[in-house]
Amino acid sequence: MKFGNFAAIAAAGAALGLLGACSSSSSGDSSGGVSDLRAGTWLSGDLHLHSDHSTDAADNPIAELIPEAESRGMGFFVITDHDNHVDGHITTWDDPAYHSDAMVMLYGVEYTTARGHANILGSQPFDDLPMYALRDRTDDAAGQAIADAAHAQNLHLSVNHPLNGDPWEFGFDMDIDSIEIWNAMYRFPTNNDNAVALWDSMLKSGRHLAARGGSDCHHQHTYEALVFNVGNPTTWVYASAPKAGAVLAALKAGNSSISYAPTAERVALAADTDHDGGYETLMGDDAAATGNPVDFRISIDNARTLAAYRITVIKNGETFLEKTVIGEDHLDFTDAPAAGTHSYYRVEVRGTTPEAPLTGQLLGFYGDVIAFTNPVYFGYD
Ligand SMILES: [Zn+2]
Ligand SMILES: [Zn+2]
């Protein structure tokens with residue numbers, strides 16, 4: 001993704017006296033927290049960033065990026081430099097600054113082709129050249145060949161900004177592991193609504209496909225940083241352990257949600273499919289389509305005191321429930337997904353959060369989106 005016109009935006013922000021964005025906030029309690037889940041840990045991270053190993057982010061050294069992510073409380077991190085800037089010979093991981101004692105580090109590249117961009121993620125450094133060699137293929141089988149090459153090394157393939165900027169033209173009839181539905185600011189320069197609609201169409205077709213966010217941060221010290229920065233947005237994963245393989249497994253499963261920032265509200269959707277009072281089925285999980293009623297719980301961790309949240313439940317691509325809660329950190333509902341077919345439920349939370357850079361909020365570029373969940377699935381096996 002390329003960002004233009006930021007000088008004008010920065011000038012507008014400066015004129016309005018909007019510099020110095022984030023404000024402090026108080027945390028709500030966690031009484032709405034989901035209980036009875038399998039053992040695991042919530043980890044926040046950013047899955048799409050560029051450092052000075054990309055030629056368009058020369059002022060973004062790893063030695064500054066990683067401490068910035070640590071200072072924002074992230075639990076995992078990856079830098080995804082453009083592989084075409086180094087002809088597939090990735091140098092990011094050889095940088096002595098590429099390590100952290102505080103965060104789980106992943107290894108990634110932005111697979112940057114003339115037909116679209118995708119992030120390739122691994123738990124260890126890997127060989128980008130097998131995928132790089134396929135970047136100029138235009139035949140119908142090219143997409144799956146790229147996916148096969150990534151999976152041969154046990155790597156995670158995730159399409160970036162699928163419809164905007166540099167849209168993905170290899171098609172989606174290929175085995176991708178996740179899709180970026182929230183790139184940088186929600187409204188600008190990418191209209192992420194388009195990506196969300198694309199994702200819904202794939203979910204409706206019966207495809208289990210995890211969504212994620214990515215800041216696509218290229219600069220921390222220029223006008224770009226006035227409107228977003230490291231961790232805007234953040235992807236939260238519920239990992240079985242604070243290890244790279246567990247983070248990638250949770251990401252692929254969709255045991256994850258996306259929010260403005262690591263310090264913003266984190267939303268979760270879970271279900272009690274057996275009516276024992278415990279919400280054991282988490283977003284990303286696939287439960288049997290029995291036709292029986294299911295109790296759902298939407299929980300908002302780090303909810304602000306007396307904040308108003310407009311919560312929308314999307315069922316099979318349509319609005320199923322819309323409700324504004326004030327001063328609450330959870331919302332329950334019950335429904336009976338149809339027997340013998342596939343259904344999904346996912347959640348969007350809108351309102352305002354003090355955690356997004358103020359300039360981006362006031363200029364309207366963030367929209368009013370606070371958080372998205374991945375779906376709870378029924379009958380997708
Ligand atoms: Zn890109
Ligand atoms: Zn990028």
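In region 318-356, what count of residues is obtained for those that are outside any strand (DSSP E or B), surrounded by fewer than 16 Cβ atoms within 10 Å (Cβ to Cβ) and not polar (S, T, N, Q)?
Counting residues in region 318-356 that are outside any strand (DSSP E or B), surrounded by fewer than 16 Cβ atoms within 10 Å (Cβ to Cβ) and not polar (S, T, N, Q) gives 5.
Kindly indicate the residue of region 69-87 that is among the charged types (D, E, K, R) and surrounded by fewer than 18 Cβ atoms within 10 Å (Cβ to Cβ) and also nearest to ligand 2 (Cβ to nearest atom) among those meeting that condition.
Top of the filtered list is ASP87.
Six or more apart or on different chains, Cβ under 7 Å: which pairs go from a residue in region 271-289 that's hydroxyl-bearing (Ser, Thr, Tyr) to one that's exposed (fewer than 14 other Cβ atoms within 10 Å of the Cβ) and assigned to a loop (DSSP other than H, G, I, E, B)? Could you list them?
Final answer for the pair search is TYR279/SER35; TYR279/ASP36.
Looking at LEU106, LEU163, LEU155, which one is surrounded by 23 or more Cβ atoms within 10 Å (Cβ to Cβ) and within 16 Å of ligand 2 (Cβ to nearest atom)?
Checking each option against the conditions leaves just LEU106.
Looking only at region 221-237, filter to residues that are more than 18 Å from TYR366 (Cα to Cα) and surrounded by fewer than 24 Cβ atoms within 10 Å (Cβ to Cβ); which one of those is farthest from ligand 1 (Cβ to nearest atom)?
The qualifying residue farthest from ligand 1 (Cβ to nearest atom) is HIS221.
Given the conditions (1) crowded, with 20+ Cβ neighbours inside 10 Å; (2) within 16 Å of ligand 1 (Cβ to nearest atom); (3) under 20 Å from ASN316 (Cα atoms); (4) not aromatic (Phe, Trp, Tyr), which single one is not true for ALA210?
Tallying (1) crowded, with 20+ Cβ neighbours inside 10 Å; (2) within 16 Å of ligand 1 (Cβ to nearest atom); (3) under 20 Å from ASN316 (Cα atoms); (4) not aromatic (Phe, Trp, Tyr), ALA210 fails exactly one: (2).
Restricting to region 141-177, name every residue that is modelled with pLDDT of 95 or more and acidic (Asp, Glu).
ASP148, GLU169, ASP173, ASP175, ASP177
Is one or more of the residues making up region 75-85 more than 16 Å from ligand 1 (Cβ to nearest atom) and polar (S, T, N, Q)?
no
Only residues that are aliphatic (A, V, I, L, M) and part of a loop (DSSP other than H, G, I, E, B): list them for region 144-158, please.
Within region 144-158, LEU155 is the sole residue that qualifies.
Is it true that GLY40 is more than 16 Å from ligand 1 (Cβ to nearest atom), within 24 Å of THR263 (Cβ to Cβ), touching a strand residue (DSSP E or B) at 6+ places or on another chain (Cβ under 9 Å) and modelled with pLDDT under 95?
no
Residue check: is GLY277 modelled with pLDDT of 95 or more, at positive phi and in a loop (DSSP other than H, G, I, E, B)?
When the stated conditions are applied, GLY277 does not pass them.
Would you tally the residues in region 295-311 being surrounded by fewer than 16 Cβ atoms within 10 Å (Cβ to Cβ) and closer than 12 Å to VAL349 by Cβ?
Selection size over region 295-311: 2.
Give the residues of region 126-166 that are within 15 Å of ligand 1 (Cβ to nearest atom), touching a residue at least 40 places away in the same chain (Cβ under 8 Å) and in contact with a Leu (Cβ under 7 Å, 6 or more places away or on another chain), sorted by residue number.
SER158, PRO162
Could you list all residues from region 198-241 that are within 16 Å of ligand 2 (Cβ to nearest atom), among the acidic types (Asp, Glu) and out of contact with any Leu (no Cβ under 8 Å at 6 or more places or on another chain)?
GLU224
Name the residues in region 100-125 that are assigned to a strand (DSSP E or B) and either away from ligand 1 (no atom under 16 Å from the Cβ) or more than 17 Å from the chain's Cα centre (by Cα) (or both), would you?
Residues satisfying the conditions are VAL104, MET105, TYR107, TYR111, THR112, THR113, GLY116, GLY122.
Conditions: (1) away from ligand 1 (no atom under 16 Å from the Cβ); (2) under 24 Å from GLU355 (Cα atoms); (3) assigned to a loop (DSSP other than H, G, I, E, B). SER51 meets all but one. Number of the miss?
If we test SER51 against (1) away from ligand 1 (no atom under 16 Å from the Cβ); (2) under 24 Å from GLU355 (Cα atoms); (3) assigned to a loop (DSSP other than H, G, I, E, B), just (1) comes out false.
Please state which one of ILE90, ILE66 is out of contact with any Cys (no Cβ under 9 Å at 6 or more places or on another chain), away from ligand 2 (no atom under 16 Å from the Cβ) and either of a type in the set (A, V, I, L, M, F, W, C) or part of a loop (DSSP other than H, G, I, E, B) (or both).
ILE66
The values are calculated or read from the model by the stated rules, or taken from the named source; none is laboratory data. Only a predicted model underlies this, so the values are computations on that prediction, with no experimental measurement involved. With ideal geometry, Cβ positions are generated from the backbone for all residues, glycine too; neighbour counts draw on all protein chains shown.
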